[in-house]
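The values are calculated or read from the model by the stated rules, or taken from the named source; none is laboratory data. Note that this is a predicted model, so its numbers are computed, not measured. Glycine gets a Cβ as well: all are built from the backbone with ideal geometry, and neighbour counts include every protein chain shown.
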């Protein structure tokens, strides 16, 4: 354990306490010791000058793919946790579509121990809904939660059976965890490589209609109402989904939702030229969908920003568009994209952004952090919202490079990330 840290003179934004003021933050023994003006630096205290920067509770990502075990050439828990720290994230939740699937106590325990060994961002495993993610038999949720899982999901695949989804929501409710669902009707989406629309027609590619997502969103909302369970809707991408979620929230249902930076930044036009770095699931949609996602983040219909960080090897993405895998990396660009696309145009204030990327994610999955409360965990990010930088994947800490944002100039990036009171990332 390193000595105390005093972060001096930054704009301290803490939506969890309603705080937004220039102040100092003292960190000691892994906890927030004090927040206030003119805190004296004791002997052995490292003083960090944060003047002109934002000091906030560390960012929390509810949706990452860390590829370990099974595809350690693409990412590991350690490399993913390091990429997260470099992006300002102090905690990430790891989806269970590993090989073998994270569907048992031992698999969850392995990820927990790998994260502890890495000592960077915290990594919270998400257990599988079904054994082997086959959609037939429920995993043992009690064992998963006992080993450290914070939610269950078959992400990468939808829970196709409505009966299984109903049972999962009822079962998860007894453990106080959400069921995070990848909303996609596979019979409508089958064979699709991008959004079904004018661009897919022009490119001669089979499309995935917006209805493929919206049908499952509607079903999950109906089942959440039936069971009283908490459904968390992953990576929302269509205006129809936003409308369904808005109506569900108006009725007080236990429905939360996330959106990804690529869905509020890009549209299906990005697939022109058959660039496989623009291939993802759900696919990039139309400008009206992008605007609906932005507005939903503004008004809170969509609760959180998550990355869906999905590393792939260069060779895999270099195939024909139809054959290339879905997904992009996102941990090291999320903050910059959110500031550039949402804060700069005036859609979100910085406190609202911190709420969507830290405070609310902590609440949704019942995680520590998301606030700088005295006595709480010292998970802190210091970021410069005005820093301009160019996306250069070769400089990333992730093992993979598959991003559609190469060469893009962004504003805002993390300078310092503190987890459990330890500096785990510091920009040189």
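Take residue 362 and decide whether it is at pLDDT below 95 and either more than 19 Å from residue 235 (Cα to Cα) or in contact with a strand residue (DSSP E or B) (Cβ under 6 Å, 6 or more places away or on another chain) (or both). Walk me through it before giving the result.
Values: at pLDDT below 95: no; either more than 19 Å from residue 235 (Cα to Cα) or in contact with a strand residue (DSSP E or B) (Cβ under 6 Å, 6 or more places away or on another chain) (or both): yes.
No: the conditions fail for residue 362.
Has the range 237-250 got at least one residue that is more than 25 Å from residue 343 (Cα to Cα), out of contact with any helix residue (DSSP H, G or I) (no Cβ under 8 Å at 6 or more places or on another chain), part of a loop (DSSP other than H, G, I, E, B) and assigned by TED's automatic domain parsing to the domain that holds residue 337?
no
Which residues, taken from the range 294-325, are in a helix (DSSP H, G or I), within 18 Å of residue 284 (Cα to Cα) and under 18 Å from the mean Cα position of the chain (by Cα)? Full working, then the answer.
The initial filter retains those residues of the range 294-325 that are in a helix (DSSP H, G or I), namely 294-299, 314-317.
Adding the requirement that they be within 18 Å of residue 284 (Cα to Cα) leaves 294-297, 317.
If the condition is that a residue be in a helix (DSSP H, G or I), within 18 Å of residue 284 (Cα to Cα) and under 18 Å from the mean Cα position of the chain (by Cα), then 294, 296, 297 are the ones that fit.
Quickly run through the range 65-86 and pick out the residues that are under 17 Å from residue 116 (Cβ atoms) and touching a strand residue (DSSP E or B) at 6+ places or on another chain (Cβ under 8 Å). Spell out how you get there, then give the answer.
Step one: of the range 65-86, the residues under 17 Å from residue 116 (Cβ atoms) are 66, 68-69, 76-82, 84-85.
Matches in the range 65-86: 66, 77, 80, 81, 82, 84, 85.
Which of the strands (runs of 3 or more DSSP E) found entirely inside the range 1-98 contain at least 1 residues meeting this: farther than 13 Å from residue 380 by Cα? Can you show your working first?
Values: elements: 5-14, 19-28, 31-36, 46-49, 54-57, 59-64, 89-94.
The strands (runs of 3 or more DSSP E) meeting that bar are 5-14, 19-28, 31-36, 46-49, 59-64, 89-94.
Check whether at least one residue in the range 301-313 is touching a strand residue (DSSP E or B) at 6+ places or on another chain (Cβ under 7 Å) and more than 27 Å from residue 67 (Cβ to Cβ), and report yes or no. Explain how you work it out, then say what you get.
As a first pass, look at the range 301-313 and keep what is touching a strand residue (DSSP E or B) at 6+ places or on another chain (Cβ under 7 Å): 302-309.
Filter once more, keeping what is more than 27 Å from residue 67 (Cβ to Cβ): none.
Scanning the range 301-313 turns up no residue that is touching a strand residue (DSSP E or B) at 6+ places or on another chain (Cβ under 7 Å) and more than 27 Å from residue 67 (Cβ to Cβ).
Where in the range 123-208 are there helices (runs of 4 or more DSSP H), lying fully within it, with 1 or more residues that are assigned by TED's automatic domain parsing to the domain that holds residue 282 and within 18 Å of residue 111 (Cα to Cα)? Reasoning before the result, please.
Working: elements: 141-147, 162-175, 186-189, 198-203.
So the answer is 141-147.
Hey, among 56, 34, 50, 23, which residue is on the phi < 0 side of the Ramachandran plot, surrounded by fewer than 22 Cβ atoms within 10 Å (Cβ to Cβ) and in contact with a strand residue (DSSP E or B) (Cβ under 6 Å, 6 or more places away or on another chain)?
Numbers: 56 fails: surrounded by fewer than 22 Cβ atoms within 10 Å (Cβ to Cβ); 50 fails: surrounded by fewer than 22 Cβ atoms within 10 Å (Cβ to Cβ); 23 fails: surrounded by fewer than 22 Cβ atoms within 10 Å (Cβ to Cβ).
One residue alone meets the criteria, 34.
When you look at residue 328, is it touching a helix residue (DSSP H, G or I) at 6+ places or on another chain (Cβ under 8 Å), assigned by TED's automatic domain parsing to the domain that holds residue 194, at pLDDT 95 or above and in a loop (DSSP other than H, G, I, E, B), yes or no? Lay out the reasoning, then the answer.
Values: touching a helix residue (DSSP H, G or I) at 6+ places or on another chain (Cβ under 8 Å): yes; assigned by TED's automatic domain parsing to the domain that holds residue 194: yes; at pLDDT 95 or above: yes; in a loop (DSSP other than H, G, I, E, B): yes.
Judged against the criteria, residue 328 is a match.
Test residue 257 against the criterion of being over 20 Å from residue 191 (Cα atoms), crowded, with 23+ Cβ neighbours inside 10 Å and over 21 Å from the mean Cα position of the chain (by Cα), and give yes or no. First the steps, then the outcome.
Details: over 20 Å from residue 191 (Cα atoms): yes; crowded, with 23+ Cβ neighbours inside 10 Å: yes; over 21 Å from the mean Cα position of the chain (by Cα): no.
Taking the combined requirement at face value, the residue does not satisfy it.
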